[in-house]
Structure formats: structure tokens, C-alpha cells
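Report on one structure; see the data block that follows.
What follows is calculated from the coordinates using simple rules that are stated; it is not laboratory data. Fair warning: this is a prediction, and the values are worked out from it, not measured in the lab. Here the Cβ is made from the backbone with ideal geometry for all residues, glycine too, and neighbour counts use every protein chain on show.
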Amino acid sequence: MSTQTPGSRAAYRAPAPLGGRSSGRPPGRSLLRGEARRGTTALAFLLPALVVLAAFVLWPMISALRLSFTDAAGFGTENWVGLENYSAVFTDAGVRDAVVNTVLYAAIFTPTAVVAALVLALVVNNPRLPWRGFFRTSLFLPFVVSLAVAAFAWSYLIDPQVGLVTYWLSGVGIQLGDVLEDPTLAMPAVALVAVWKSFGFYFVIFLAGLQDIPASLYEAARVDGAGALGRFRHVTLPLLSNTFAFVGVFAMIAALQAFDQIYVMTGGGPYGHTQTIVMEIYESGFRKLELGFASALSYVLLVATLLLSILQFVFFGRREEDLS
Amino acid sequence: MSSATATPASGSRAPAVTDPPIRRPRRRMRAGTLVSILAMLAVTAFVLLPIAIIVLTAFKPTAEVNAYPPTLVPDTWTLDNMRRIVTELPFSRLVLNSFVFAGGVTAFALVFDSLAAYALARIDFRGRRALLIAIIASLMIPFQATLVPVYQLVSELGWVNTFPGLIAPRAADAFGIFFLRQFFLALPRDLDSAARIDGANEFRIFRSIVLPNVVPALLTLGIFTFVNNWNDLLWPLVFTTEQEMGTITSGLTLLTGPGGIIPYGVMMAGSLIAILPLVVAFLLVQRRFIESVATTGLKG
């Protein structure tokens with residue numbers, strides 16, 4: 001759902017036994033209800049959701065595909081323009097920058113958020129650490145703060161004149177300057193705001209992953225003479241690697257949708273250096289009303305997300321195998 | 001894999017983590033734990049800093065907010081920022097809108113999603129597998145990618161700047177269906193067979209037998225849906241053009257747009273009101289909430 005968390009849609013650890021249930025059906029039921037009857041009942045249950053999904057997901061997808069081949073501008077006639085919009089996506093300098101910027105954003109956001117989450121999960125997973133509940137709650141708390149509000153708070157903290165973080169850093173000799181006006185620093189800044197908001201979510205997933213590793217494996221490693229580091233390398237790391245990959249892809253999908261804090265902090269600036277794909281979709285689709293172009297760009301986002309999601313499902317399955 | 005091995009730094013702290021609590025030189029362990037505690041306290045303080053700055057700046061006089069060197073805690077506490085934010089924006093209206101929007105989406109989605117999930121999990125009908133695959137596939141579509149045609153549709157229905165326009169497109173959600181289906185699948189079949197033999201119809205079984213057994217899952221999904229919608233910026237930005245119909249999240253950004261120079265104190269006062277309901281609710285249910293995120297996994 002929403003962007004903020006970096007909002008993508010995916011499920012963690014809920015492997016879908018696709019239709020696998022049907023084989024386990026008690027035979028007695030079919031005596032009471034015929035198949036046609038069940039079909040009608042099922043349809044009644046499904047109808048409200050299907051109407052909504054058909055109208056607001058399926059139809060828009062088809063509609064966007066059609067729009068992406070036209071010069072629709074929100075009014076007047078629409079003319080078929082073939083692949084023009086798509087070629088514009090890849091040749092228009094501004095848009096190419098948006099794609100490059102989104103990749104750069106993902107390259108900063110993903111490893112930072114995932115590694116921070118993993119390291120903190122390893123520390124908090126230590127049963128000897130006191131106040132674990134407090135740490136867990138505190139680290140997760142930013143997750144309920146909207147990216148827009150997070151953007152306000154961080155804008156103030158790194159304000160070149162009155163920012164507290166700016167002031168503290170200058171105390172140790174680091175001159176931050178006007179970060180959000182700086183072409184090289186603006187992107188890391190907006191990406192780190194998202195890291196602040198999201199890492200707690202990944203942290204909790206890692207924590208659960210760590211707790212899923214059977215204690216017997218650590219015992220076995222200990223019996224084999226593995227030290228603490230050896231147990232980490234030979235038990236924790238391999239058993240967590242698919243969770244790690246899963247969370248990584250999850251974070252990457254979220255990164256593709258970056259919008260909220262950028263809209264608030266930089267508006268895409270300075271000089272387009274923080275303009276992302278979704279920022280560009282918003283501007284072309286809702287400000288300039290270049291609907292055809294915005295739809296082509298939407299499909300680029302859609303395909304990129306689909307590819308990453310498929311990757312995610314692969315890790316999903318692999319992780320389940322690891323633990324079984 | 002390369003990134004997995006790129007975390008040896010964690011290895012230095014990890015030993016304490018992976019050690020079962022058996023025979024180990026006590027003193028060394030304590031030193032390690034102490035380092036972990038200090039590091040964790042520092043990290044936690046840094047993570048909580050933005051939330052602290054929101055709360056404290058909201059009650060700080062403008063002169064102090066703009067003073068150099070900046071301070072964290074106000075010398076004098078004031079309600080001026082709170083008074084001012086109420087006059088800058090139709091504030092109570094925006095808060096109300098947020099409740100109606102996020103609450104409406106949550107209520108509809110819980111009802112529609114659980115109905116559909118029930119059919120997919122517990123009614124054997126033709127085409128179930130295909131439908132399930134279609135729903136899982138639609139999980140992968142980011143809403144940003146269909147925003148333009150969804151807006152066109154909402155606009156043709158005359159729903160721009162209305163609650164139906166904000167709520168209807170999200171009244172059902174593929175993720176919610178998929179999520180609840182997993183819980184319905186886990187419930188034993190025997191649960192409803194007695195009622196079925198007694199002649200209870202499918203809807204009664206759903207309502208009085210199956211639903212009461214998945215209340216925690218409904219609660220988790222409900223909180224998530226509410227938080228995500230309350231916090232969403234792009235959605236209200238697109239579907240509302242009148243200030244009076246915006247949410248608290250989209251309304252606050254009007255203060256900071258190009259040229260919209262607003263004192264930080266006022267912005268933080270607005271931010272505080274925007275996050276307060278969620279933070280309070282989260283702190284009340286946090287243990288269960290975090291555990292359900294961890295054990296069931298949820299979209300972000």
C-alpha cells in the first residue's frame with residue numbers, strides 16, 4: 001500500500017500452497033452441496049472484492065497500457081502514437097535522469113536499511129541484552145511515522161542555519177552545509193530519511209528469522225567445536241541468507257516507489273537531482289497532464305516491480321526449504 | 001550473496017548473540033554485553049531524535065526555534081505553535097478527514113477482504129486456483145503505476161474531492177485477501193462441520209464460527225491498513241484538490257510547498273498532531289503488533 005513504507009505489496013513468509021488445500025477436503029461435504037451451488041456461494045463471497053479489484057486494479061492496468069500508446073492529454077482527442085512515449089521515456093534526458101536517480105536512490109536505501117536492520121537484529125537477539133523490549137519498540141517506532149512528517153523533522157534537524165544535527169556535526173568538524181540544495185548530498189539525504197522510517201520493519205523480520213533458527217543447530221555446531229564466530233558463519237549466515245535476500249528485494253521494490261519525503265524535502269531538486277520515477281509520473285500525469293507519457297512511465301515502473309517480485313518469490317520458496 | 005558477506009562487522013558483535021547461555025567466562029560476557037548496551041542506547045537515542053525534536057519543538061517559542069546555537073529542550077514552553085497551526089489550516093477538518101479516509105478504507109477492506117479470503121480458503125469452487133493466482137499476481141502491481149487511469153475513472157464518476165473517491169479504490173486489497181486466506185486455511189476443518197450438519201448456511205459459518213477465530217489477524221491487518229492510509233501522501237494529493245478535503249498528511253505539505261515558508265515550530269506542532277494518534281495506538285498494542293509483523297509478515 002503506501003509508499004511510505006516503502007510501500008510495496010508482498011507477503012513475508014506466507015507461502016501460498018496454491019490450491020493445495022483442495023486435496024485435503026473431507027469427502028462428506030460434496031454430498032451436501034453440489035458444485036454449482038458452491039460456485040454461487042463462492043461468487044457471493046467474492047463479488048464485493050472482485051468488483052473493486054476489477055474496477056480499480058485490472059481495468060486501470062489495461063487502460064494504462066492503452067493510454068501509453070496515445071498522446072492523451074486529459075481532454076480532447078487521443079491519437080495513437082505507437083511506441084513514441086516509450087522511446088521518450090528512454091531518450092528524454094529528464095526522464096532518463098529520473099530512472100538513473102531512482103536506481104541511485106535504491107542503491108543507497110537498500111543496503112543501508114537492510115544492513116542496519118540485520119546488525120541491530122543480531123544485537124537485540126542476544127538473550128543477555130537487557131531492555132530488549134524497549135529497544136525493539138523504539139527501533140520500530142519510526143515505522144508508524146509518515147514519511148512526510150519524517151521529512152519535516154529531518155529537514156529541521158539538518159537545516160543549514162538552525163539544525164541541531166548540523167550544529168552537532170560542526171562541533172566535531174563536519175560542515176554539513178545546505179544538504180538539500182547540494183546536488184551530491186540531496187539524494188543520500190532523502191534516501192536516509194526513508195532508511196530511518198523503514199529499517200525497523202526489516203529489523204523485526206530479521207529478528208523473527210533469527211528466532212526461527214533451531215537452537216539444536218547451534219548445539220550441534222558447538223559440539224563440533226565451532227566458536228562463536230564459527231557458529232555465526234556456518235549456522236546463522238547460511239540460514240538467514242534467504243531472509244536477507246527476501247528483505248533486500250522487498251526494500252528494493254519499496255525504493256522504486258520513492259515519492260513522499262522527496263516531494264516534501266526537495267520537490268525533485270536541486271536541478272532534478274532527486275527527481276524519481278514516481279515524482280515524474282506525478283508531475284507528467286497530474287501537473288502537465290501528459291497522460292500517455294505518464295502511462296508509459298508507469299509501465300516501466302510496473303515491469304521493474306514485477307521482475308523484482310518474481311525474484312522475491314524465488315527467495316520466498318528457498319527460505320521455506322531452508323527451514324523445513 | 002556478496003551483500004550477505006558484506007556484514008562481517010556484525011560478526012564482531014554477533015558472538016554474544018549466538019551463544020547459548022552456558023559455561024562461558026562470565027567476566028568477558030559482561031564486558032561484551034556492556035558494549036552492546038551502550039551501542040544500543042546510542043543508536044536508540046539517534047533513532048528517537050526526530051520524534052523528540054517534533055514533540056519538543058512543537059512547544060518551543062519561535063525565538064528559541066530560530067536561535068543559534070540550536071537547542072533540544074525548550075527553555076520556556078508555549079502553546080503558540082499549536083494555536084497558530086489551527087489558524088493556518090482547517091486543522092480539525094483535516095484530522096477528521098484522515099479518520100474518515102483511513103477508517104473507511106480499513107472498515108471496507110476488512111469486510112471485503114475477509115469475505116473473499118473465506119471463499120478462496122474454505123469453499124471448493126471451479127476456477128479457485130486461477131483466481132488465486134490472479135490475486136497473487138495483482139499483489140505485485142504498485143498503486144503508483146495505475147494512478148493515472150484510476151484518477152480518470154474516479155473523475156468520470158464525479159468522485160474527485162469526495163470520500164467515495166478516496167475510499168472506494170482501496171475498499172478491497174489483494175494483499176489483505178491473500179493475508180487473511182493464510183489464516184483461514186490454518187483453521188481446522190472440524191471447526192465448521194458440526195454447524196454445517198446442523199444446517200447453518202455458509203455466511204453464518206463465516207460470521208459466527210470462522211471470523212471470531214481470526215480476530216488477531218483482522219486486528220493486525222486493520223492496524224496496518226489504517227496506518228498506511230493515514231500516512232499516505234500521494235493518494236490524497238492526487239484525489240483531493242480542495243484543501244478542505246485533504247488529509248492531515250497532505251494538508252501539512254501545503255505549508256511547506258515552494259514559497260510556503262512556515263516556522264519550524266508550527267510545522268512540528270502540526271506533525272505532532274499528525275503522528276499522535278498512531279504513536280499512542282502503537283504504544284498501546286506494540287507487543288502484539290510487532291509480533292504479528294514478525295510472525296506473519298506484512299507489506300510495508
Alpha-carbon centroid distance for the pair region A:208-240 / region A:104-152, whole angstrom: 23
How much FRET efficiency would the formula 1/(1 + (r/R0)^6) give for A:Leu289 and B:Ala200, where r is the Cβ-Cβ distance and R0 is 35 Å, rounded to 0.05? 0.05
Residue-count net charge about A:Glu290 - beta-carbon cut-off 13 Å; Lys, Arg +1, Asp, Glu -1: -4
Suppose each label sits 7 Å from its Cα in the direction of the beta carbon; what would the B:Val111-B:Leu276 distance come out to in nanometres? 3.1
Report the relative contact order of region B:81-193, percent, no decimals, based on alpha-carbon pairs under 8 angstrom and at least 6 residues apart. 46
Can you list residues from other chains, or at least 5 along the same chain, whose modelled amide H is less than 5 Å from the amide H of A:Thr70? A:Val81
From the Cα gyration tensor of region B:100-250, with a ≥ b ≥ c the square roots of its eigenvalues, which class applies: rounded if a/c is under 1.5, or else prolate if a/b is larger than b/c, or else oblate? prolate
Built amide H within the under 5 Å cut-off of B:Thr78, gap 5+: B:Lys60
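Could you give the DSSP H helices of chain A that reach 20 angstrom or more along their long axis (alpha carbon positions) and whose average Kyte-Doolittle hydropathy is no lower than 0.0?
Answer set is A:35-53, A:93-124, A:186-212, A:237-256, A:291-323.
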Applied in sequence order to region B:139-154, the curve 6.51 cos²θ - 1.76 cosθ + 1.60 (Karplus, θ = phi - 60°) yields integer Hz couplings, x standing for Gly and Pro, of 4, 8, 8, x, 5, 4, 6, 10, 4, 5, x, 4, 5, 4, 5, 4
Relative contact order (%) - region A:138-226, alpha-carbon pairs under 8 angstrom, separation at least six: 33
Excluding B:Trp235 itself, calculate the net charge of residues whose Cβ lies under 14 Å from the Cβ of B:Trp235, where each Lys or Arg counts +1 and each Asp or Glu counts -1. -2
Quick one: which residues, 5+ away or cross-chain, put their amide H under 5 Å from the amide H of A:Gly269? H built at 1.01 Å from N. A:Thr274
Around A:Asn79, under 15 Å between beta carbons, what's the net of Lys plus Arg minus Asp minus Glu among the other residues? -3
Relative contact order [Cα under 8 Å, 6+ residues apart], region A:151-293, whole percent: 25
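Kindly state, to the nearest 0.05, the FRET efficiency for B:Leu38 paired with A:Leu169, given R0 = 25 Å and r defined as their beta-carbon distance. Don't skip to the answer; put the middle values down first.
Numbers: r = 21 Å, r/R0 = 0.84.
Plugging the Cβ-Cβ distance into 1/(1 + (r/R0)^6) gives 0.75.
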Net lengthening on full extension, B:Leu157/B:Ile209 (0.36 nm per residue, minus Cα-Cα): 14.9 nm
